[in-house]
1. Quick query: amide H of Leu434 versus all other amide H atoms, modeled in the peptide plane; which residues come in under 5 Å with a sequence gap of 5 or more or a different chain?
2. Tell me the net charge near Leu256. Cut-off is 12 Å between Cβ atoms, Leu256 excluded, with +1 for each Lys or Arg and -1 for each Asp or Glu.
3. If amide H atoms are built 1.01 Å from N in the plane of the peptide, which residues on other chains or at least 5 residues away come under 5 Å of the amide H of Leu445?
4. Where does the charge balance sit around Arg415 when Lys and Arg score +1, Asp and Glu -1, over other residues with C-beta under 10 Å from its C-beta?
5. Within a 10 angstrom radius of the beta carbon, how do Val457, Val424 rank from fewest other beta carbons to most?
6. Based on the Cα gyration tensor of region 419-465, what are the three equivalent ellipsoid semi-axes, each the root of five times an eigenvalue, rounded to whole Å and given largest first?
7. Tell me the net charge near Leu518. Cut-off is 11 Å between Cβ atoms, Leu518 excluded, with +1 for each Lys or Arg and -1 for each Asp or Glu.
8. At what distance in angstrom do the alpha carbon centres of region 430-474 and region 580-602 lie from each other?
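Bear in mind these aren't lab numbers, they're just calculated from the coordinates by the rules spelled out. Given the structure is predicted, the values throughout are model-derived calculations rather than measurements. When we count neighbours, we look across all protein chains shown, and the Cβ atoms used for this are built from the backbone with ideal geometry, even at glycine.
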Amino acid sequence: MSAFQRLLGYMRPYFMQIAAAAIMLAIAGGLMSLVVATLKPIVNQGVLTQPEATAADEPENQNLLDRFVENLPVEEWSAWLYERPMAQVPVLLVVLFLIRGILLYFGQYLTTKAGAGVIRDLRADLFSSLIFQSQSFFRTHQTGQVMSRLLNDVERIQRVSSRVLADLFRVGAMAPAMLILVLIYDWRLTLFSLIVLPAMGYPMARLGRRLRKASTRSQESIAEAANQLKETVTGIKVVQAFTMEDIAVNRFHQSLARLFKVDLQAGRAAAASGPIVEVVGAIAGGILFYIAGRSIASGAVDAGDFVVALGGLTFLFMSIRRLNSVNVEIQQALAAAVRVFEMMDCRPDVSDAPDAAPFEGQPREISFENVDFTYAASDGPALSGINLRLRRGEMVALVGPSGAGKSTLANLMLRFADPTYGTVSIDGRDLRGLTLDSLRSNLGLVTQETVLFDATVRSNISAGRDNVPLERIREVASAAQADEFVSALPEGYDTRLGEDGARLSMGQRQRLSIARALFKDPPFLVLDEATSALDAESEDEVKKAMKTLLKGRGSLVIAHRLATIREADRIVVLNEGRIVEEGDHQSLLALGGLYAHLHQLQFQE
């Protein structure tokens, strides 16, 4: 119910559109009862077999037609129809279906428009909640799972918020209209219907609960398959290089088999609902025909009334069957909505405190004081007892074995996570007391895995800010040693780079990343293995760009290749989450500790 109420909340801004659509669709559904009512004069008057019959033959059976003819807007039309009783029913039917068609068109259009708005708002809110999640969220949620919620689950909700909602208004009005029609023409059939309808509603409710559970499992299986597809596509080089094609195919087939099994469970529940309704309706119809046949033969029931009541019951049962299908789709949509809101409600581990204040001015120093950090579900701390200061204009290098805690320390500086114990501060102010925007506006990041977007070079350098003058873009690109190769691209700075910058070499991508950092012009920088994946020539170009980038800034440089950090002001050596050595290159070599050992391993030849 909570998910249902929240969906209603998303519909609230479109209340007027939905209300107008509901009224028009309800009228369109109710008009079908008038169409069924025209069966009585056809049967009792013999219009189909007695052309010479007149409207005055059986006035008691002509109430509907009389009202229609008398209320025509032009008196000549009324006179013309009075003289031609055979034309009255066809003209009435044409008028009814014309009005109904107009109402259906505008009602369904407004419902679709409102539904599209609801889904747009829902997707936007879900994406907004995802984009502000902490790094830990993306470590615990697979990419395929996130994409499945944003695309597949919301798509199921979309079907309900447009087409199914329109059917609910239309058929929901048709069912009671037919029930009233049957009550007017034969109350005994109405009582009979009231006995049959609960028998049809019980299995619908039971199957609805089963469908919701099966739909939830189905969406989870889709997310698993989507994640395997993403892993295979992004890692296709490794898959092919290690001849893992058959293994990848088998894994995907297993995921599809699990999805197939769950979909069959949902399919069985959905398939059973229709026949159950039809069987109950058939039993009721058989009993009804037997009773009515005897009543008509004895003269206790008027043939025209019976035909109208029978037609009304037929449409009533058809309406219930369609409402059953609507219920199936609503249950599936509610299961999807629960999953969407569940992800939307995930609270980020790192967010602005209620009393967070923006950092103002130019920062001078970032410090770590007795900092410990432990990852969730980890056996031990990733960092322990860290005390470190990084001053503006100073280059501090972090080295150490893999898993020593270098990237974790950089993440704490960028506030991708908060320390378990201790304080990370900027000019003496705890980072947790600052707004994230103001903190990160003073920090830049260049990583080993270059992240470029499928947009223009200009947009990538300016981080999506398209109103920046081209002169400014070219200025930072030149400083990053990138202007020459960018100018040689087919459309220069307006060239689209493709997914993850696929049109560029690794060195070119890295120089654009440095240009992006230069454009931001932050006082402090984190460089995480920025040159480790480059060849010698590309590394030389990137080093030139980095020299410009680091000038006048405080920089925390993570490096495995010790040749890149010999000129660092200080080198901090981490091991098992602790600082074990600190000093410049020569003093650490003279110390003969871990740094000297790592240096010897890299340069022993």
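1. For Leu434, the qualifying residues are Ala357.
2. Summing Lys/Arg as +1 and Asp/Glu as -1 gives +1.
3. Val526
4. The answer is +1.
5. With the fewest neighbours first, Val457, Val424 line up as Val424, Val457.
6. Three semi-axes, in Å: 30, 13, 8.
7. With Lys, Arg at +1 and Asp, Glu at -1, the net is +4.
8. 35
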